[in-house]
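> Structure below; questions to follow.
Nothing in this text is a laboratory measurement; each read-out follows from the coordinates by a stated rule. The model shown is predicted, which means the values in this text are computed figures rather than measured ones. Here Cβ is always computed from backbone atoms with ideal geometry, including for glycine, and neighbour counts include all displayed protein chains.
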Amino acid sequence: CHIREKASEKVFSELGRLRQLKERARDQQGRQMTIAVAGCVAQAEGAEITRRAPWVDIVVGPQTYHRLPELVTKIDPMARNRVIDTEFPEEVKFDFLPGEHAPRGPAAFLSVQEGCDKFCAFCVVPYTRGAEFSRPAQTIIDEARRLIASGTCELTLLGQNVNAYHGEAKDGSVWSLGRLIRELAEIEGLERLRYTTSHPLDMDDELISAHGEVPQLMPYLHLPIQSGSNHVLSAMNRRHTSDVYLAVIDKLRAVRPDIAMSGDFIVGFPGETDGDFAETLKLVNQVGYASAYSFKYSPRPGTPAATIEQQVPEHVKAERLESLQQLLNAQQFAFNKATEGQIVDVLVERSGGRAGQMAGRSPYMQAVNFVGDQSQIGQIVPCKLSAARQNSMSGEIIAIKGAA
């Protein structure tokens, strides 16, 4: 994710490796290799990519993925030309999605929304992905049906701010994410639904009630807050307080008591004090996360936070991150431990890391490993969770769903 500096560093590191491959293909095989960089990093740092990596042929932002085949044809190795397209075109890229789907496996992602209008002080997404856009509801339903027909039984609805979804329906009305979820749940063959990533201010009552009323909607939600300190939340321009966030979780647990929560945290945001960090630890203890992601703040060019003078020293960031991750890891293991002995439905996704082992996901997004065989891929099987680990569970199949 380009919110962190690490994404850019990884891109430039990989480009160095690709340069060697390109030169080897040219010198040893007489073959011309075309290198393209696409996505948020390309959008934000296109000029830097062309400066530091002149062997890159194509740079495209996330709004022009669909033009990649066309852009490849414009590359002339003899002329050593480049193609750069980081504009925000008027045409909608979703209109260029293929009508048919190759099999995606039992679980697939489905983009329903893109962009963000929140403008958090640390985040580049509004600048790289643009304003919020929601796909028309019918195009989503049609794509969901195609995915299910190809063998998918679990869909994860995607968006930079997915619960801000407000897509136009056939009759001209506007559907919220809660309404869309209810309509998708009516499609025969769709067994599971998830969505990510969400903003606390867009968790409306219709969406919250869907967690208690739509059986296909899994009891797991990734809901970032970034900090437990209201002072830091204000500086981040998050537009909500920790109490607002906690109230949303209370509502969710009221309709779905077993819901497992996940979150995002940034430590060392400019101006964060020891007291602010203590508020984050307090909130983590109040919520009790099944899993969470945590990072050190890194300034992103062009964002308001990058210009704040009160930058936190790196060693302080590292100490705070270590403390937070120790707490989050303990909570994750405690959550996994608490599910030992439970019988849950596991969607079998692939072979495991050992011979005779299969791997899948529980409703709570836990990775579950158990003895099985390839024929079970794509099935949802009742599985007794027998042993907890930090990042996974061991299990035993009780019976194959639908077996005589």
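> For the chain, what is the relative contact order in percent, using Cα pairs closer than 8 Å and at least 6 residues apart in sequence? Walk me through the numbers before you get to the answer.
Working: 765 pairs, mean separation 41.8, N = 404.
Averaging sequence separation for qualifying contacts and normalising by length gives 10 percent for the chain.
> A follow-up question, please. Hey, got a sec? Which GluC sites (Glu not before Pro) in the range 160-249 land in a DSSP loop and have at most 14 other Cβ atoms within 10 Å?
Qualifying residues, ordered by number: Glu186, Glu188.
> Right, another one. Using the charge dipole of the range 1-67 (Lys, Arg: +1 at Cβ; Asp, Glu: -1 at Cβ; taken about the Cα centre), state which of Gln28, Thr50, His66 has its Cα farthest towards the positive end.
After comparing all options, I get Gln28.
> Okay, moving on. Lys251 to Asp76: FRET efficiency via 1/(1 + (r/R0)^6), r the Cβ-Cβ distance, R0 41 Å, to the nearest 0.05?
The calculated FRET efficiency here is 0.10.
> Working from the pairwise distances between different alpha carbons, so that the mean of 1/r is found and then inverted, what is the range 313-404's Kirkwood radius in Å?
One decimal place: 14.3 Å for the Kirkwood radius.
> Give the percent of DSSP beta bridges with both residues in the chain that are antiparallel, rounded to the nearest 5.
Numbers: 24 of 54 bridges.
Taking every DSSP beta bridge within the chain, about 45 percent pair in antiparallel fashion.
> If you don't mind, another one. When His315, His199 are ordered from fewest to most other Cβ atoms inside 10 Å of their Cβ, what list results?
Details: His315 9, His199 21.
The order, fewest Cβ neighbours first, is His315, His199.
> Continuing with the same structure: Can you tell which of Leu155, Gln326, Ile140 lies farthest toward the positive end of the dipole of the chain, using +1 and -1 charges on the Cβ of basic and acidic side chains (Lys, Arg; Asp, Glu)?
Gln326
> Moving on. For Arg19 and Tyr65, what does the FRET efficiency come to when R0 = 22 Å and r is the distance between their Cβ atoms, rounded to the nearest 0.05?
Efficiency, from the Cβ-Cβ distance: 0.45.
> With an 8 Å Cα cut-off and a minimum separation of 6 or more residues, compute the relative contact order for the range 178-305 in percent.
25
> Compute the length gained on full extension between Ala330 and Trp55: take 0.36 nm times their separation in residues and subtract their Cα-Cα distance, giving the result in nm to one decimal. Each step should come with its number before you reach the end.
On the way: separation 275, 0.36 × 275 = 99.00 nm, distance 4.56 nm.
In short, 94.4 nm is gained.
> Given the peptides 14-21, 129-136, arrange them by the average over their residues of other C-beta atoms within 10 Å, most packed first.
Top of the packing list down: 129-136, 14-21.
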